[in-house]
Amino acid sequence: MQSPPAETPENGGPGKSRLDRELEEILASNENIRLLPPPPQAPKTPRAKPAPMRAGSSFESMIPPRARQLLAAPIVMALGLAIVALLVSDVSALLATLLSLSAVACIIVPMVQRFRRGPSAPPDIRMWRGQVMDAAPPRPSSPLDTARDWWKSRQR
């Protein structure tokens with residue numbers, strides 16, 4: 001084991017150890033300092049600007065933006081259609097049936113679309129030693145392979 005450096009004033013000023021002087025030299029030289037690159041960020045998709053609202057232009061312009069977001073959600077749309085079907089059931093059984101079938105379709109259609117186009121979330125950005133690693137799994141070649149992979153993921 002080595003003993004700590006003695007506090008001897010050798011060429012560097014009073015009270016500075018050899019270790020302190022070497023540390024100051026290292027910090028003073030910029031060539032030894034390497035900064036890590038900033039982490040990559042997912043590409044931002046530009047949002048479409050909402051069209052300016054004209055007074056009385058359409059029924060859609062009368063709906064507030066928050067309500068429009070809720071109506072875009074399929075489960076809220078299905079719930080609304082089911083409630084309307086329940087209210088209309090005494091007046092018209094055919095209309096109530098059509099509304100309830102469309103409520104079921106509002107729930108099933110997004111699931112079918114999800115399986116057809118794959119995951120919509122961007123893949124995780126994996127980094128190793130400051131470099132982006134492209135580790136995307138190969139796409140399955142047939143629907144049978146897709147079903148097999150899905151079954152394996154369910155069993156984990």
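Every number here is computed from the coordinates shown, using simple stated rules; none is lab data. This structure is a prediction, so every number in the text was calculated from the model and none was measured. Positions of Cβ are backbone-derived with ideal geometry, glycine not excepted, and every protein chain shown enters the neighbour counts.
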_Mean separation of Cα contacts under 8 Å (6+ apart) over length of segment 62-119, as relative contact order %_ = 32
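Let me know the shape class of segment 62-119, please: from the alpha-carbon gyration tensor, a ≥ b ≥ c as square roots of the eigenvalues, rounded when a/c is under 1.5, otherwise prolate if a/b is greater than b/c, or oblate. It would help to have the intermediate numbers written out before the result.
On the way: a/c = 3.82, a/b = 1.37, b/c = 2.79.
Oblate.
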*Estimate the FRET efficiency between W128 and E25 by the formula 1/(1 + (r/R0)^6), using the beta-carbon distance for r and 30 Å for R0, to the nearest 0.05.*
0.40
*Please give the peptides 18-28, 77-87 ranked by average Cβ packing (other Cβ atoms within 10 Å per residue), highest first, as a rough proxy for protection.*
77-87, 18-28
